[in-house]
Amino acid sequence: MLAIVLPTIVAIFAFAFWFRSSNAKARYQPDWTYSGAIELVVWAVPALTVILLGGVAWIGAHQLDPARAIAGSQKPLRIQAVSLDWKWLFIYPDQKVASINALTVPVGVPLQFELTSASVMNAFFIPQFGSMIYTMNGMITRLNLRADKSGTFQGLSAHFSGDGFSDMHFDVHAVPSEQFSKWTQDASSAAKPLDERSYQEIAKPSMNNEPAIYRVADPDIFQSIATQKLPPSAGAQSGVKGASPPTGVADAR
């Protein structure tokens, strides 16, 4: 803004000084109509402004693309997230474990999220990690994040989704890789299996759910949720247009 405002202010005083009545050198040109040099200056300033702002927006938008992979010294960790009424289900497909309302991740490792909703549209957000992204019924969205330091951070739903929305948050535990490996090993021995039967109970609308850990008995359960092979919860069927099971799943990148 100052690149435009300051020259304009300087020009006002310069014109007033140069074209003062006592300056005999100033030329009076009542029939003047056009100057290529002036046209160049007048149009160059806004053109350069648009190019500058457009370039910053273009580069920034691609750098902050949620689906863009994040560099890291280790292999990315895949996490599948499902927004429900009113809780979050996190599935670790490679470790074959899952959790409710708690997310444990290793520090410094790129996190590759695949997200969907088994209810109404929602939004997944960990403010101290980065971008927010929507979860949608019958679709998969993708998000890449990374925890740069150990600690416990707050994750939340950033989109109103009904009565239990205000309590639809979860703790994110960023731990060293060795501690994460131990956690997944212990979780794989959990008494509760995550399969079609247990998922149908989890998907029922409920509020203030305590964190829980499951061992994944069905490796394709996330795909079944996203394609609606496992039908949406009762809330989604009454509140989402076209919630009947389709033949495929859309992938929003």
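The values are calculated or read from the model by the stated rules, or taken from the named source; none is laboratory data. The structure presented is a predicted model; accordingly, all values stated were derived computationally and were not measured. Cβ: placed from backbone, ideal geometry, glycine included. Neighbour counts: every protein chain shown. Side chains are part of the model used for accessible areas, which takes the heavy atoms of the whole protein and leaves out ligands, DNA and RNA. Shrake-Rupley method; radii C 1.70, N 1.55, O 1.52, S 1.80 Å.
Points worth noting:
- The separation of the stretch 111-148 from the stretch 5-46, counted between C-alpha centres, amounts to 55 Å.
- Three-way shape label, the stretch 64-213, alpha-carbon gyration tensor, a/c 1.5: oblate
- Using a probe of 1.4 angstrom and keeping all protein chains present, the accessible surface of the chain works out to 60 square angstrom per residue.
- Surface share of carbon and sulfur [accessible, 1.4 angstrom probe, percent] for the stretch 148-232: 49
- Percent carbon-and-sulfur accessible area, the stretch 1-74, ignoring ligands, DNA and RNA, probe 1.4 Å: 73
- On the beta carbon distance between Ile12 and Ala47, with R0 = 25 Å, the FRET formula returns roughly 0.65.
- Charge dipole of the chain (Cα centre as origin; +1 on each Lys and Arg Cβ, -1 on each Asp and Glu Cβ, all else neutral): 640 debye, rounded to the nearest 20.
- Gyration tensor verdict on the stretch 126-200 (Cα atoms; rounded if a/c is under 1.5, prolate if a/b is larger than b/c, oblate otherwise): oblate
- Accessible surface comparison of Glu178, Glu196, probe 1.4 Å, protein chains only, largest first: the order is Glu178, Glu196.
- Highest-MSF residue in the chain out of Val109, Val216, Val50 [GNM, Cα springs under 10 Å]: Val50
- Neighbour net charge for Ser224 - beta-carbon separation under 14 angstrom, K R +1, D E -1: -3
- Protection proxy ranking for 36-49, 113-126, 87-100, using the average of other Cβ atoms within 10 Å per residue and placing the highest first: 113-126, 87-100, 36-49.
- Evaluated at q = 0.08, 0.09 Å⁻¹: base-10 log I(q)/I(0), Debye formula over Cα of the chain: -0.46, -0.51
- Within-11-Å neighbourhood charge of Val97 [Cβ basis; K, R +1; D, E -1]: +1
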